[in-house]
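Enquirer: Structure incoming, see below.
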Ligand SMILES: Nc1nc2c(ncn2[C@@H]2O[C@H](COP(=O)(O)OP(=O)(O)OP(=O)(O)O)[C@@H](O)[C@H]2O)c(=O)[nH]1
């Protein structure tokens, strides 16, 4: 994603400043010019960039800075603060409450990803125990209802729409009424996509708004619309009370800076971002971690990372077993299942600054996944007794031959699995007696974690097994060194 490039350019500019022996006005100006160029290239609106530059210069007053002050830090903090300021309109958006009915209306340009995002938003909440429902008030695009219906069915979310009714206002009203009666707590209304010039469609959007009286209007914006972001967002804001923004397609070649402009135009925060076509490629947007990540200043988006991990880790069973030091082939099998469930590792990793490159170079991920699947196939040929035993002596030659025959793989592959098991059993054996972090503790711990510490020790797969950052901290304490953990699945030089 091009945002990463923006982050790269900005961190390079800061690095150049760091390399300078003396930090004077010229060095600051050079640095700011670099950053300005990077932001403009990333489609951030010109006025925003200019204001930011002026503000930073105001904060970093060389005459006023007493000798001995760390000018580099002051400048870095000023840049961070100003970028956050652009993304933070100062007041949070309306937050629906679980168990209490809220109506949320989605608006946006045609093709922005609105319909997809409605389902992602519903699915995100459904996983957290909400009762969402989808209403398709897009009567303009043929196929819109089918698309919503298909997505909703897949995610088992109730939906409402009509093939015959052509008035979006009546559909919206009927749908909202119906789901209110059914005690749904998050009623999501999808509206027709509009072109900016289509006054009639804007009027229709206003009517749906008036009729359904949504608690929140979310403006969905394709992150690739570039410099047009500001004007488009403003046009929507002038028609209906936009209260939040979701930026989509952040996985593509989008420059992403449009997000900053949309916030400025609507004075509403970005609440989520779409990072792919699939239902779960959707992340909570947090300003500070986002900017930190952009600047490569560490910190990372731990909250999204941990959340993702917590979703896939079967909370108690695996951890309980591990803490008892009971590491069997079955435990390993379950852990592999967890890993595969985590989805594309690079996506999880990309939430952590610098990680994807260091830990899982491109191309390695598929290899790791294929290896895991191969191991699992072999374990499918094991008997229950073999799966539940941690006694390797039991694995005599005839058993190994039988497993190899059963899964149609050469004996050496089964031996390799055995070696992998031994190595992991040794490492995980050290978790015996480990204190398992409670659910709530994990996020709190993870927020405070230092990226450097983590970068030394973090194998993401291991992290998933031990329950996120909280588990990692406990583990690191007990292991003394996390180096051998890193090598496990392609982190180091291992196969
Ligand atoms: N790569 C990627 N594709 C996305 C994302 N969000 C949506 N899309 C794709 O963008 C295309 C348009 O999405 P829709 O949801 O149909 O767009 P829409 O805004 O509802 O379209 P209208 O109903 O015409 O207004 C689809 O192919 C989606 O799969 C995303 O975050 N990443």
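Enquirer: Work the Kirkwood hydrodynamic radius out for the range 69-161: mean of 1/r over every pair of different alpha-carbon atoms, inverted, in Å.
Expert: Evaluated on the range 69-161, it is 16.1 Å.
Enquirer: Another one. How large is the convex hull of the C-alpha atoms of the range 117-186 per residue, in Å³?
Expert: 74
Enquirer: Follow-up. Taking R0 as 22 Å, what FRET efficiency do you get between residue 110 and residue 153 from their Cβ-Cβ distance, rounded to the nearest 0.05?
Expert: Computed FRET efficiency for residue 110 and residue 153: 0.40.
Enquirer: How would you order 417-423, 394-400, 270-276 from highest to lowest mean count of nearby Cβ atoms within 10 Å?
Expert: 270-276, 417-423, 394-400
Enquirer: Compute the distance in nm between two label points, each set 7 Å from the Cα along the Cα-to-Cβ direction, one at residue 369 and one at residue 228.
Expert: Those two pseudo-labels are separated by 3.3 nm.
Enquirer: Between residue 387 and residue 178, what is 0.36 nm times their sequence separation minus the Cα-Cα distance? Round to one decimal in nm.
Expert: 70.2 nm
Enquirer: Right, another one. Which three semi-axes in whole Å describe the equivalent ellipsoid of the range 102-297, each the square root of 5 times a Cα gyration tensor eigenvalue, listed largest first?
Expert: Value: 26, 19, 14 Å, ordered largest first.
Enquirer: Hey, can you rank 112-120, 176-184 by average C-beta count inside 10 Å, highest first?
Expert: 112-120, 176-184
Enquirer: Simple spin-label model, 7 Å along Cα-to-Cβ: residue 81 to residue 40 in nm?
Expert: 2.6
Enquirer: What per residue convex hull volume, in Å³, comes out for the range 101-217 when only alpha-carbon positions are used?
Expert: Expressed per residue, the convex hull around the Cα atoms of the range 101-217 is 87 Å³.
Enquirer: Here's a follow-up. Restricting the calculation to Cα positions, tell me the Rg (one decimal) and the Dmax (whole number) of the range 24-135 in Å.
Expert: For the range 24-135, the Cα-based Rg and Dmax read 21.1, 62 Å.
None of the figures in this text is laboratory data; all of them are computed from the coordinates on show. Keep in mind it's a predicted model, so treat the numbers as computed, not measured. A quick note on method: Cβ atoms are made from the backbone with ideal geometry, for glycine too, and the neighbour counts reach across all protein chains shown.
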